[in-house]
Amino acid sequence: MCRLKATAASVLSEYGPSAAGSALPDDLVAEMCRFGAAELHCVAAVVGGIAAQEAIKLITHQFVPLSAPLIYNAIESTSAVLQLV
C-alpha cells in the first residue's frame with residue numbers, strides 16, 4: 001500500500017505544486033489495493049447492466065440493439081456509440 005501511495009504522490013507532483021500539496025487519503029489507497037487488478041464494482045455493475053439490456057433486446061426481438069461499439073467513460077459517467085464508417 002505504501003508503494004502505491006508513493007507512486008500516486010509522484011504522479012500528482014508532476015501536475016504542479018497545488019496537486020502535490022493535496023494529501024491522498026489512506027482509505028482511497030486501501031480501496032484501490034483491495035480490488036487489485038480487477039475493475040471497480042460500480043463500473044462492472046454499469047457495464048453488466050448495459051450488456052444485460054442488449055441481451056434482452058437480442059432475445060426478445062422487441063427493440064433494436066446497438067449496432068456499433070459502445071464507449072463508457074467511468075470517470076465522467078458518460079457513454080457514446082462509436083459510429084464506424
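Derivation of every value follows stated rules applied to the coordinates shown; laboratory data play no part. What you see is a predicted model; the values in this text were computed from it and never measured.
Segment residue 85..residue 59, full-extension length gain: 6.7 nm, with 0.36 nm per residue of separation and the alpha-carbon distance subtracted.
Test of understanding: what is the full-extension gain from residue 52 to residue 77, defined as 0.36 nm times their sequence separation minus their Cα-Cα distance? Don't jump to the answer; show the numbers that get you there.
Values: separation 25, 0.36 × 25 = 9.00 nm, distance 1.83 nm.
Here the segment from residue 52 to residue 77 would lengthen by 7.2 nm.
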